[in-house]
Amino acid sequence: MSFSIKPYITCIILFCLQLNAYSQERATITGNVSDQFGTLPGAKLSIEGTNLNTSTDVNGTYTLQLEEGDYVITAGFVMYNSISKSITVKVGETAILDFKLETGFSIDQPVSLGSRAQPISSLRTTAPVDIISPQELTNATQIELSHILHYLVPSFHSTNQTISDGTDHIDPATLRGLGPDQVLVLVNGKRRHNSALLNVNGTVGRGTVGTDFNAIPVASVERIEILRDGATSQYGSDAIAGVVNIILKQQVEVIDIVGRVGVNKEGDGQTSYFGANFGFEIGTEGFINITGEYRSRESTNRAGNYTGPVYSDTPIEDAQLVSEHNFFNNTGYDDQKIMEIGSAKTQNLAITFNGEIPISEITTFYFNGSRNYREGQAKGFYRLPKDEDRVVLELFPNGFSPQILTDIQDDAVTAGIRGVKNNWDIDFSHSIGKNALDYTVNNSINASLGIASPKTFYSGGFAYKQSTSNLDLSRTYDWLHGVNIAFGAELRVENYQIIAGEEASFIDGGSTYIDAFGDEQPRIPGAQVFPGFQPENELSRFRTNSAGYIDIETNITEKLLIKTAARFESYNDFGGQLIWKVSGLYRVNDALGIRSGISTGFRAPSLHQVYFQNISSQFINGEIIQVGTFNNESAVAQEAFKIENLKPELSRHYSLGINGKLKDNFSFTLDYYYIKIKDRIVLSGRFDEGYESILEPFNVGAAQFFTNAIDSRTTGLDAAIQYKTIIGSGKVNASLAANFNKTKVIGDIKVSESLVGQEDVLFNREEIARVESGQPNYKINNLLSYEFDSYKVSLGNTYFGDVSFIHPEDGNRDNWVLNELSGEVESRDQKFTPKLLTDLAVSYKFNSSIELTLGGNNIFNVYPDKHTHSANIDNGNFVYSRRVQQFGVNGSNFYMRAFLKL
């Protein structure tokens, strides 16, 4: 049988002729979008009254194929003022339409957060909304999303923690000085799932669950909107402090590639970063945008030289043994260090996608998703050979430095349909998110197994899944001066799991040792540094939540806007809750507005807080103690401590603000807020004395649990100004923003009847201080850039307010201890003074496609105050505090970054 190619050639020729005839029946509009310095790749072009849109390519050029007719085309780019132009085209004609945009302010940019109506500028919103622009994200001196926001947004706080188990690898993030679980995170306007990790160590956000910001690749983000206002009536539980909306890129005509390497001044903490973003058109109006990102960071170590006992508590004997065993050359650390205190080693690999496909003239299918995999390695307290209850000398004659290895996988996918039906905008979506964290303990032992103990253990982990369905409807009417009515429903299903570790990670093997008095003593069971979750800890719990809301925005007059919202949520475990909000904006003129609001809010207890239980090794006053966390279902919590079931946190919010512009080169905002929260959920202190017989069967020395123990009051002020001008041949952009914040625990500590008189144990002065002064009470950010010719110079300053460590037992002089550094008897309390950090970057554009940047973070190598009390230093280990953090302890970091746009 012969094969002929002629029919195929004929088909191709006919198809090309048909395609050519079709294109001749249409008109072409092409042009260039630029600013005063050159072209703008990725600028958006849209056609009024249609769903048609496109974006410029790497040369700032666009092309549109249209039917014959009259059109209004709008060109826009984030942080630039949009321009609209009219044009008439005929069949077969090619028309040229260029746009030259001018930079604008964030206050002028349309925002979708905080309103169900069509996006409007934040100058016309009833609550403050910050915008982090693409330029700010591209030029950021950090490589992790939470750290970028830490240095750009004064009210946002997130920094690396140390010696805190899983919290070493997932940074707690807060807004307005509240907790990580009081910030709601959205991606493209849809609720993002929380982390599986519950922060149970002595860090900011102790006892809370947050969202893992660093699971979202920076290279995938177009811009970020931050609503600094209570918004639970609009978006649901968790939005007490505010809402962060992360908007993914949609660009299709360009490819962005960025690579970066950096190192600390101390020679450690090397970072490597590589990100790539590109997109494809789907048909004439659809698109898919894809991002890949790789990130790695070596550990940093700011531990001091150890000065305490090693082999014996008798100084002369110990000194001799240290010399004989050459101890400090066998620890794996430099000098006389025996710990790693600083940022943990991590490695990330992530991919995201974001897309839309029109399925009719009025309906669009949209989707996005991501996968992030992170490996982390952190160190715990060094186990010294003198402590034979946790060290088997036959295996580790010089003790050991245990490692906590984490495997964190974060997955998310959202799909939905939006369209118009009978003049109603309708949006139906479904989102699924999962975060899983597994622990492996390395270079450690289960001392109770004696010489039979392995040195590596799988200690188990957590998993959290969230499935959310949303239906949202909205419509604008011409009543009065415009009324928008929106309503909708949400159904959410959550699942929290604790996975048991292997038997060797938790079993009591019964091994003993002979102490200094010749008595036989039991060794501590479980893997040192992180005992495995036991089968009785293993669980899988579900919860459902259904909600309905209504949101009405009424333009009473051309100058007065009133918004009202109400929401009812019902949980299957603690019941329902109704919340509401009323806010308003009065526009004195087009450039000045006064806004105010009052609302109620709530936060449901997380599944983690309700069901978490484990045994952990905690360092308390120089001793490592096994502490059991017992959940609200346990007999220990219910019968021994009479702890009631958790109930939701309730809040009330008041706000008053002003915003505006002067001419076209100066903008300002000023907002006061008051937040009162009732029944905040906290992780209790450790109960030990008097409960020995209860705790003995669990092989723990202390117990803790979750309870609604406190009420709090937060007051604050947010302020920001922006200025832009032309100096010589260059463009100057300057901004100054500040947050002043004060949180106070008010009223009495709430305890059950069986714990009356033990309020100071349930929530001691250290825990109160963690809420009140564990985060800077103020932060001021300044950004200044000058762009001329092919150069750009950026200078950033961040001024961190003071933080305080309050020792739990130093409430009066009877508890003060001898300071070996000064020889005086003093309190261990310490205030860490404000610090100013400076970032500097210089960029050079070789052409429209290649840019090289040399920069430095904290270029003057500023560190937090050192500990002043010898007892807090812990035999020389802790030069800096691990309990309270302003900005970490990495010191200066210098980097080189290459950015390619293809």
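Assorted remarks:
- Sites Glu324 and Asp508 - FRET efficiency at Förster radius 35 Å, r taken between beta-carbons, to 0.05: 0.55
- Residue ranges 657-668, 210-221 sort as 210-221, 657-668 when ordered by packing (mean number of other C-beta atoms within 10 Å per residue, highest first).
- Global form of region 779-880, assessed from the alpha-carbon gyration tensor, a/c cut-off 1.5: prolate
- Prolate/oblate/rounded label for region 533-624 (Cα gyration tensor, a/c 1.5): oblate
- Considering only the chain, percent of DSSP beta bridges that pair antiparallel, nearest 5: 95
- Helix axis angle, 6-24 relative to the chain longest principal axis, alpha carbon, degrees: 80
- Among Ile282, Ala436, Ser870 - extreme Cα towards positive end, dipole of the chain, charges at beta-carbon: Ile282
- Report note on the peptides 749-759, 271-281, 429-439: ranked by the mean count of other C-beta atoms within 10 Å, highest first, their order is 429-439, 271-281, 749-759.
- Both radii come from the Cα set of the chain: Rg as radius of gyration, Rh as Kirkwood radius; their ratio Rg/Rh reads 1.00.
- Normalised contact order of the chain, rounded percent, pairs of Cα under 8 Å and 6 or more residues apart: 10
- Straight-distance crosslink candidates among lysines, where the alpha carbon sits under 21 Å from Lys90 and sequence neighbours closer than 8 are dropped: none
- Spatially proximal lysines relative to Lys379 (Cα-Cα < 19 Å; intrachain offsets below 8 disregarded): Lys337, Lys345, Lys455
- Shape box of region 455-548 [Cα atoms, principal axes, largest first, Å]: 90, 23, 20
- Estimated [θ] at 222 nm from DSSP helical runs (n ≥ 4, -39500 (n - 2.57)) normalised by residues in the chain, nearest 500: -2000 deg cm²/dmol
- Under 12 Å from the Cα of Lys724 - aspartates and glutamates, other chains or at least 8 residues apart: Glu102, Asp664, Glu787
Since every read-out is calculated from the coordinates, none of them should be taken as a lab result. A quick note: this is a predicted structure, and the numbers were derived from the prediction, not measured. Glycine gets a Cβ as well: all are built from the backbone with ideal geometry, and neighbour counts include every protein chain shown.
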